[in-house]
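Before any comments, here is the structure.
The values are calculated or read from the model by the stated rules, or taken from the named source; none is laboratory data. All of these numbers come straight from a predicted model, not from anything done at the bench. Because the Cβ atoms are built from the backbone with ideal geometry, glycine has one as well, and the counts that use them run over all protein chains shown.
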Amino acid sequence: MDYFTDKLSAALVPILALLVSAVLFGIFVAFAGVSPFETYALIYKGAFGTWFSWQNSLQRAAPLLLTALCTALPAQMGLVIIGGEGALVIGGLASVSTALVLQSFLPPVAVQITMLLAGTIAGAIWIGGIGALRHKRGVNEIISSLLLVYIAIAILNTLVEGIMRDPGQPQKSSTHPVADTVMFGNLPGMDVHWGLLIGVMFCIATFVLMYLTPFGFSARIVGGNPRAARMLGLPVGKLVIIICAVGGGAAGLAGAIEVAAVHGRANSALIAGYGFTGILVAFMARQNPLAIIPVALLFGGIEASGGLVQRRLDLPNAAVEVLKGIIFVVVLAFETFSGRLGFLKRRKP
């Protein structure tokens, strides 16, 4: 019974947190003079009301699948990494740099694969370095990962306004574009790029890695009790660095896909907040790679509905950001008290 009770608690905590957040956001929009029921009806319509809305939500969910893993995987080892935005930016830069060098003499498919690999490797090095600093020098991973976000943005701005700038884009500093033949197409019958499928496959693969392999079991032991892991002879430092690198690689891959499937170049559009929203997705999914899939779709839908809410209700587009902020705070509060109150408390045998 304990097993099923734990699973029920794991499912109920985010659901209850979402319901409480909905009530709080409803109070917020009511003070703005807008009906909460009308607001939620429009959010649903903008997210899932039509096939166009569904595709828009899926498109926005694609990068969230990968950036959420950047937080979720290290969290299973007791680390709080909030630098997915930086890894995404660095992955996008590495991807476009690779394409600009190789697209003139390699086949398009080879360039596409190389772009994805370059973005993944860049993100893995970026976040893997945070794991190395945490293990070898005791550097707080929250602070270092956040600082590296700003460093990544500074690198992007320096390059796109300097040596990588396309003079044909005077209004917005950008790199030269990748060739049209290199750009990713859409999934058959949909206006959603292949990044969605890649993200889903990556979530499934990391679930298998963390829950169905000895490596993942060892990593979760480290997260549960590092001292016991050392007594068992587990390579704690190696596991920390590898898991951080895998999470960073996922975020870097998201940046590569944004370049290869959406923007076609690197510029400030890469700084879209997907890395920060991915933190919320990871916490809402309780760090489970499979649960990230529906949660990412939910938040992709919330983001997709912002424009409709703005047009119909005259609310600012940032209103949905307020909703996400409320959800984040409530989820953290519920995580603190889960398993201690009422029916969420674990039953003794």
### A17 vs. criteria part of a helix (DSSP H, G or I), of a type in the set (A, V, I, L, M) and under 22 Å from V295 (Cα atoms)
yes
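Taking the criterion of being surrounded by 24 or more Cβ atoms within 10 Å (Cβ to Cβ) and touching a helix residue (DSSP H, G or I) at 6+ places or on another chain (Cβ under 6 Å), would at least one residue in segment 100-108 satisfy it? Explain how you work it out, then say what you get.
Residues of segment 100-108 surrounded by 24 or more Cβ atoms within 10 Å (Cβ to Cβ): none.
Among the residues of segment 100-108, not one is surrounded by 24 or more Cβ atoms within 10 Å (Cβ to Cβ) and touching a helix residue (DSSP H, G or I) at 6+ places or on another chain (Cβ under 6 Å), which makes the answer no.
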### Query
Counting only residues that are among the aromatic types (F, W, Y) and in contact (Cβ under 8 Å) with a residue 60 or more places away in the chain, which one in segment 188-232 is nearest to A245 (Cα to Cα)?
F202
### Query
Among the residues of segment 102-113, which ones are within 15 Å of A261 (Cβ to Cβ) and either without any contact (Cβ under 8 Å) to a residue 40 or more places away in the chain or touching a Gly at 6+ places or on another chain (Cβ under 9 Å) (or both)?
V109, I113
### Task
Please determine, by comparing only the residues of segment 211-224 that are touching a Gly at 6+ places or on another chain (Cβ under 9 Å) and not aliphatic (A, V, I, L, M), which one is surrounded by the fewest Cβ atoms within 10 Å (Cβ to Cβ).
G224
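Can you spot a residue in segment 284-304 that is acidic (D, E), in contact (Cβ under 8 Å) with a residue 24 or more places away in the chain and under 16 Å from Y44 (Cα atoms)?
Kept after step one, since they are acidic (D, E), are these residues of segment 284-304: 303.
Now restrict to residues that are in contact (Cβ under 8 Å) with a residue 24 or more places away in the chain: 303.
After this cut, where a residue has to be under 16 Å from Y44 (Cα atoms) as well, the list is 303.
Yes, some residue in segment 284-304 is acidic (D, E), in contact (Cβ under 8 Å) with a residue 24 or more places away in the chain and under 16 Å from Y44 (Cα atoms).
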#### Entry: Residue satisfying condition, being among the basic types (K, R) and in contact with a His (Cβ under 8 Å, 6 or more places away or on another chain), within set R286, R311, R265
R265
### Query
If G33 satisfies every condition in (1) on the phi > 0 side of the Ramachandran plot; (2) in contact (Cβ under 8 Å) with a residue 24 or more places away in the chain but one, which is the exception?
(2)
### Summary
Scanning segment 47-76 residue by residue, the ones that are surrounded by 24 or more Cβ atoms within 10 Å (Cβ to Cβ) and closer than 30 Å to A228 by Cβ total 7
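Quick check on L280: is it under 27 Å from L148 (Cβ atoms), in contact with an Asp or Glu (Cβ under 9 Å, 6 or more places away or on another chain), hydrophobic (A, V, I, L, M, F, W, C) and modelled with pLDDT of 90 or more?
Working: under 27 Å from L148 (Cβ atoms): yes; in contact with an Asp or Glu (Cβ under 9 Å, 6 or more places away or on another chain): no; hydrophobic (A, V, I, L, M, F, W, C): yes; modelled with pLDDT of 90 or more: yes.
Judged against the criteria, L280 is not a match.
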### Query
Out of all the residues in segment 189-203, which are modelled with pLDDT of 90 or more and out of contact with any helix residue (DSSP H, G or I) (no Cβ under 7 Å at 6 or more places or on another chain)?
L197, M201
### Query
Which of (1) assigned to a helix (DSSP H, G or I); (2) within 18 Å of the chain's Cα centre (by Cα); (3) of a type in the set (A, V, I, L, M); (4) surrounded by fewer than 20 Cβ atoms within 10 Å (Cβ to Cβ) does I242 not meet, given it meets every other one?
(2)
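For I43, indicate whether it is of a type in the set (V, I, T) and over 22 Å from I151 (Cβ atoms).
Working: of a type in the set (V, I, T): yes; over 22 Å from I151 (Cβ atoms): yes.
Answer is yes for this residue.
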### Task
From (1) farther than 15 Å from L65 by Cβ; (2) touching a helix residue (DSSP H, G or I) at 6+ places or on another chain (Cβ under 7 Å); (3) touching a residue at least 12 places away in the same chain (Cβ under 8 Å), pick out the condition that doesn't hold for A179.
(2)
## Note on the structure
Subset of segment 185-210, residues surrounded by 19 or more Cβ atoms within 10 Å (Cβ to Cβ) and part of a loop (DSSP other than H, G, I, E, B), comes to V192
### Summary
Y150 meets each of (1) surrounded by 17 or more Cβ atoms within 10 Å (Cβ to Cβ); (2) within 18 Å of G255 (Cβ to Cβ); (3) touching a helix residue (DSSP H, G or I) at 6+ places or on another chain (Cβ under 8 Å) with one exception, condition (1)
### Task
Mind listing whichever residues of segment 245-273 are part of a loop (DSSP other than H, G, I, E, B) and either crowded, with 24+ Cβ neighbours inside 10 Å or of a type in the set (A, V, I, L, M, F, W, C) (or both)?
A266, I271, A272
### Message
charged (D, E, K, R), more than 16 Å from S95 (Cβ to Cβ) and loosely packed, with under 13 Cβ neighbours inside 10 Å: is that true of R137 in this structure?
### Response
yes
